[in-house]
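Just below is one structure, and these are the notes that go with it.
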Amino acid sequence: MARFILLLSLVICFSALALAEDPYLFFTWKVTYGIRSPLGVPQKVILINDQFPGPNINSTTNNNLVINVFNYLDEPFLLSWNGIQQRKNSWQDGVPGTNCPIPPGTNYTYHFQVKDQIGSFFYFPSLGLHKASGGFGGLRINSRLLIPVPFDSPADDYTVLIGDWYKRNHKYHTRVLNRGKSLGRPSGVLINGNVGKPDDTPLFNMEPGKTYRYRICNVGIKTSLNFRFQGHQMKLVEMDGSHTVQNVYDSLDIHVGQCFSVLVTADQPLGDYYIVASSRFSRYHYTATARIHYVGSTTPPNAVIPPGPRGWAWSLNQWRSFRWNLTASAARPNPQGSYHYGRINITRTIKLSSSTTYVNGKLRYALNGVSHVETPVPLKLAQYFGIADQVFKYDLISDEPPSHASVVNLAPNVLSTEFRTFIEIILENPERSMQSYHLDGYSFFSVGMGPGKWSPERRKTYNLLDGVSRHTIQVYPRSWSAIMLTFDNAGMWNLRSEMLERSYLGQQLYVSVVSPARSLRDEYSMPNSTLLCGSVAGLPLPPPYT
C-alpha cells in the first residue's frame, strides 16, 4: 500500500510539473534622455533606467519575459529584440511594421517567450534613428540545467557591446537623411559605451588560470568591426544563437547586428590587457579599447595595440571556417527538423539586389527596385483587421531584380510567402560598401558566399551539411550571400539592412507568412493589450484565432 501511495504521489508530482508554466522574469524600464560623453564630448543619449548601454537581460530557455516600458521621451518609441524568434508571436516583435509606437508619457508591456533558443542577442530601439542615440543592451538566453552545453561552465559571463558612434544625436541625423543627404562617416567606435583611455577603470576582471565567456555584439549602425584580445586567443563557441565548432581565433570580424560568444583563458603573465574593436571595410580607421584586469596585477596594459587584419578575402575565409556544432544537444532553432536543410528541395528562390538612387533629388536605397516607406498603421495590424488593401499591396517586387535598377518605386514593400515552404534567398550587393542583413522571426542557414553575381552554378559551392543557423549575415562589396530557411513561423517579419541609414531610407521589406488555417496552432491571436493606431484604432476587433 505504501509503495502504491508513493507511486501515486510521484505521478501527481510529475503531472503538476508537466502542467506548470515556464518561469516568468519581470522588468520595469524607464526610457529617458540623459547627457553622456562616449567620445569625450557631452551629448544627449537615450538611457534605460539611467544606463547607457541599457541593462542586460539574463534569461533561460523558455522563460517568459514581461518588460514594462515607460516612455519618457518627447517622441514615440519602440523596442525590438534582435534575434529573438517570437514563435507565433510577431505581435511582440517591436518594429514599425508590426507594432504601434509607445506614445510619449505612456507605457507598454512586452510579453514574449524565449522559446527553444539559447545564445547571445541584444535589444535596440527600432523607430527612426533612435538606435544612433543609444537605448540598446544585451540579451542572453542560457541553456536549462538539464540541457548540457559543449563546454565547461566559465568562471564568469561578460557582455561586450561594440559599435560605431556619432557625436550628433538621432534628431540631427533624421534631419540630414530627410533632406536627402547621407550620414557620412561615424565619429568613432565604442566598447560598452566608451572609447577607452589608458587610465580607465578595468571593464572586466579575470583570475589567472580561469576561463571566461565573452558575448560580443556589434550594436552599431554602419561599420563592421574586428574584435580581438591583447595577448590572448579566443575559442568561438556560439554565434547568433547556435553553438559552433570550437575553432580558435586571434581576431574575429563581427558585422553589424551579429553576436559571437568566445571562451578566453587567463593564461598570460600577470598583468592588465586590452580588448580592441576597430573599423573594417572602410576608408576611416577607428579603434576603441577597454582594460581587462588580472586579479592581483599592478601592471598596466602594453601600449602597443595588436593590429587588425586587412582585406576582405581574409574575412571571407574566416566565414568559411564557421561550422555549426551538430553534436551539441541544446535547443534546435527549427522545431520542424529543417536542420537537415541540405536534403530539402528548394521550392522558391528569391534574389534580392540592393541599389542606391535619388528620387526627386533625395537619397534612397531599394531592394529589387522598391524603396520601402513606413505606413500610418502597422502592416500586421492592417492585415489582421482586414484592411490590407487600403494600406499596402503585396508583391510589388518579383523574385528577380529588375533589369533597370535606376527605376525605383517608393511604397510599402511586402513580400508574401507560402506557409511552411523551404526558400532560398540570394542577397546581392553590387555596390562598393559592406552590407549586413537581418531577418526577424527566424534563424536561417548561411550556406554560400562569394564575389561577383550569383548564378545557379554557385550552388555547387554551398555548405549543405553544417552551415551555422543564424539571424544576420554579411554581404561583402560586389558580392553575394545565400541563405536557406523554412518559413514556418506565421506572422509579418522584417528583412532589413542592418545599416541604419539604408533601412531608414528604404532598404528593407516585410515577409508576410500566413497560415491558411487561422489557427492558434500556428499563430497567437492579437493580444488585448496591443496598442492600436491609425485607421485600425476605431475598428471592431476581429474574431480571435481558434
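Condition check ((1) at pLDDT 95 or above; (2) touching a Cys at 6+ places or on another chain (Cβ under 6 Å)) across all residues:
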site	(1), (2)
Pro456	yes, no
Lys460	yes, no
Arg470	yes, no
Ser479	yes, no
Met492	yes, no
Glu498	yes, no
Arg502	yes, no
Pro516	no, no
Leu531	yes, yes
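Is one or more of the residues making up region 324-338 closer than 24 Å to Tyr249 by Cβ, among the small types (Gly, Ala, Ser), modelled with pLDDT of 95 or more and out of contact with any Ser or Thr (no Cβ under 8 Å at 6 or more places or on another chain)? No, every residue in region 324-338 fails to be closer than 24 Å to Tyr249 by Cβ, among the small types (Gly, Ala, Ser), modelled with pLDDT of 95 or more and out of contact with any Ser or Thr (no Cβ under 8 Å at 6 or more places or on another chain). Counting the residues of region 489-522 that are open to solvent by 10 Å² or more (accessible area, probe 1.4 Å), farther than 30 Å from Thr356 by Cβ and touching a residue at least 24 places away in the same chain (Cβ under 8 Å) gives 6.
Table: residues versus (1) among the hydrophobic types (A, V, I, L, M, F, W, C); (2) in contact with a strand residue (DSSP E or B) (Cβ under 7 Å, 6 or more places away or on another chain); (3) part of a strand (DSSP E or B); (4) touching a residue at least 12 places away in the same chain (Cβ under 8 Å).
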residue: Glu238; (1), (2), (3), (4): no, yes, yes, yes
residue: Gln246; (1), (2), (3), (4): no, yes, no, yes
residue: Leu252; (1), (2), (3), (4): yes, yes, yes, yes
residue: Val256; (1), (2), (3), (4): yes, yes, no, yes
residue: Phe260; (1), (2), (3), (4): yes, yes, yes, yes
residue: Asp267; (1), (2), (3), (4): no, no, no, yes
residue: His285; (1), (2), (3), (4): no, yes, no, no
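Residues that are over 22 Å from Glu75 (Cβ atoms) and at pLDDT 95 or above within region 28-40 comprise Ser37, Leu39, listed in sequence order. All of (1) part of a loop (DSSP other than H, G, I, E, B); (2) closer than 17 Å to Glu418 by Cα hold for Leu539 with one exception: (2). Residue check: is Ser242 over 30 Å from Pro150 (Cα atoms) and under 27 Å from the mean Cα position of the chain (by Cα)? Spelling it out, it is not the case that Ser242 is over 30 Å from Pro150 (Cα atoms) and under 27 Å from the mean Cα position of the chain (by Cα).
Taking the criterion of being within 30 Å of Gly119 (Cα to Cα) and surrounded by 21 or more Cβ atoms within 10 Å (Cβ to Cβ), would at least one residue in region 369-378 satisfy it? Yes, region 369-378 contains a residue that is within 30 Å of Gly119 (Cα to Cα) and surrounded by 21 or more Cβ atoms within 10 Å (Cβ to Cβ).
Cβ-Cβ distances below 6 Å connect the following pairs, each with a first residue in region 367-389 that is more than 16 Å from Pro101 (Cα to Cα), a second residue that is outside any loop (DSSP other than H, G, I, E, B) and among the charged types (D, E, K, R), and a separation of six or more residues or different chains: Ser371/Arg364. Scan region 107-126 and tell me whether some residue there is over 28 Å from Pro23 (Cα atoms) and either touching a Ser or Thr at 6+ places or on another chain (Cβ under 6 Å) or crowded, with 21+ Cβ neighbours inside 10 Å (or both). Scanning region 107-126 turns up no residue that is over 28 Å from Pro23 (Cα atoms) and either touching a Ser or Thr at 6+ places or on another chain (Cβ under 6 Å) or crowded, with 21+ Cβ neighbours inside 10 Å (or both).
The values are calculated or read from the model by the stated rules, or taken from the named source; none is laboratory data. Just so it is clear, the model here is predicted, and its values are computed rather than measured. Heads up, the Cβs are rebuilt from the backbone with ideal geometry, glycines too, and the neighbour counts pull from every protein chain shown. Surface accessibility is based on the protein's heavy atoms, side chains included, excluding ligands, DNA and RNA. Shrake-Rupley method; radii C 1.70, N 1.55, O 1.52, S 1.80 Å.
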